[in-house]
Amino acid sequence: MDNKEFTGKTVEEAVEEGLKELNLTAEEVEVTVLDEGKKKLFGSVPARVSLTPKTKKTDGERAVKFLEGLLAQLGVSAQPELVGEEEKIEINLSSESVKGIIGRRGEIIDAIQILAGAVANTGRRDYKRVVVDCGNYREEREETLKRVAEKLAAKAVRIGKRVRLEPMNPYERRIIHAALAENGEVTTKSEGKEPARFVVIIPKNMRRNDRFGNDRGDKNRRGYGNKGGKDRKFGERKPYPKREMPAEGTPESSGTSLHRDSSNSGYKKGGFSGFFGTYLGKEDETEE
């Protein structure tokens, strides 16, 4: 839109009249005062202003503007630059202290990227991915993650168990999933909750019980219910403890039955059949 001139008794009135006609706010236009106007003895000269609508910033430009203010507040000497914003919004940070911006394992630059993404997607219906890079860190990190993914996938197949990676942000998890998408020996999935969500590599040659996790698989391999995890094979019967018969002269409290001797006031040891008689409820069976 071209600039337009508006008049009023004062500059303020001229600006107000122009904003009303253009249906814009004061933040959306640039004001140029052409004549402040003046009063004369007979009549007056109206004030004249020119209003030029500001060009609306794109999502990427708004993110860059935000990062300029954020980095200044943090005292970080870096200049954000919009690289592209077609499929995704790409912003590059130029700085002499690259390590200071990236941080340990990319913690600082990842935080900056999250904030830039929130600003760029404000008011959008569909989310647009935002990537903030510095010193080619993203490309080098992506290559590292791909190598790690292939190495751990080979390990998972070799040992026949699930392999869990360290917690990663959504961007890095997508790299792992994409790197192993064409691998016919493993599958991948994300588990856990943010910010500690991680990727698990699952080999296709793994036992069915192990797919629920290493703990359950280990329990089944040790033998469920086997105390101490002894090397007892699945299905093997545990030997039943033998009942020892009491020695001669065992008192009445022993587990065998005692028969009353009619010729003697004491007791004498009975046969094995007496044990079953007592067990079945014949407590005072006398000799015939």
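The values are calculated or read from the model by the stated rules, or taken from the named source; none is laboratory data. As the structure is a computational prediction, the values presented were derived from the model and not from experiment. Quick reminder, even Gly has a Cβ in these numbers, built from the backbone with ideal geometry, and neighbours come from all protein chains shown. To get the accessible areas, we keep the full protein, side chains included, count just its heavy atoms, and leave off ligands, DNA and RNA. Shrake-Rupley method; radii C 1.70, N 1.55, O 1.52, S 1.80 Å.
So the check is Cβ under 6 Å with 6+ separation or different chains; which pairs have a first residue in region 138-167 that's among the polar types (S, T, N, Q) and a second one that's crowded, with 18+ Cβ neighbours inside 10 Å? Note: no pairs meet the criteria. Out of curiosity, is Arg105 part of a loop (DSSP other than H, G, I, E, B) and farther than 15 Å from Leu71 by Cα? It is false that Arg105 is part of a loop (DSSP other than H, G, I, E, B) and farther than 15 Å from Leu71 by Cα.
Restricting to region 19-76, name every residue that is β-branched (Val, Ile, Thr) and assigned to a helix (DSSP H, G or I).
Here is the first cut: in region 19-76, the ones β-branched (Val, Ile, Thr) are 25, 29, 31-33, 45, 49, 52, 55, 58, 64, 76.
Passing the criteria: only Val64.
The residue of region 171-213 that is modelled with the lowest pLDDT, among those that are open to solvent by 60 Å² or more (accessible area, probe 1.4 Å) and in a helix (DSSP H, G or I), is Phe212. Looking across region 87-113, just one residue is in contact with a Lys or Arg (Cβ under 7 Å, 6 or more places away or on another chain), modelled with pLDDT of 90 or more and open to solvent by less than 20 Å² (accessible area, probe 1.4 Å), and that is Ile89. Give all pairs with beta carbons closer than 9 Å in which a residue from region 116-134 that is without any contact (Cβ under 8 Å) to a residue 60 or more places away in the chain meets a residue that is hydroxyl-bearing (Ser, Thr, Tyr) and surrounded by 11 or more Cβ atoms within 10 Å (Cβ to Cβ); count only pairs at least 6 apart in sequence or on separate chains. Taking only residues 6 or more apart or on different chains, the pairs are Arg129/Tyr171; Val131/Tyr171; Cys134/Ser94; Cys134/Ser95. Would you call Glu172 of a type in the set (D, E, K, R) and out of contact with any helix residue (DSSP H, G or I) (no Cβ under 9 Å at 6 or more places or on another chain)? Against the criterion (of a type in the set (D, E, K, R) and out of contact with any helix residue (DSSP H, G or I) (no Cβ under 9 Å at 6 or more places or on another chain)), Glu172 does not qualify.
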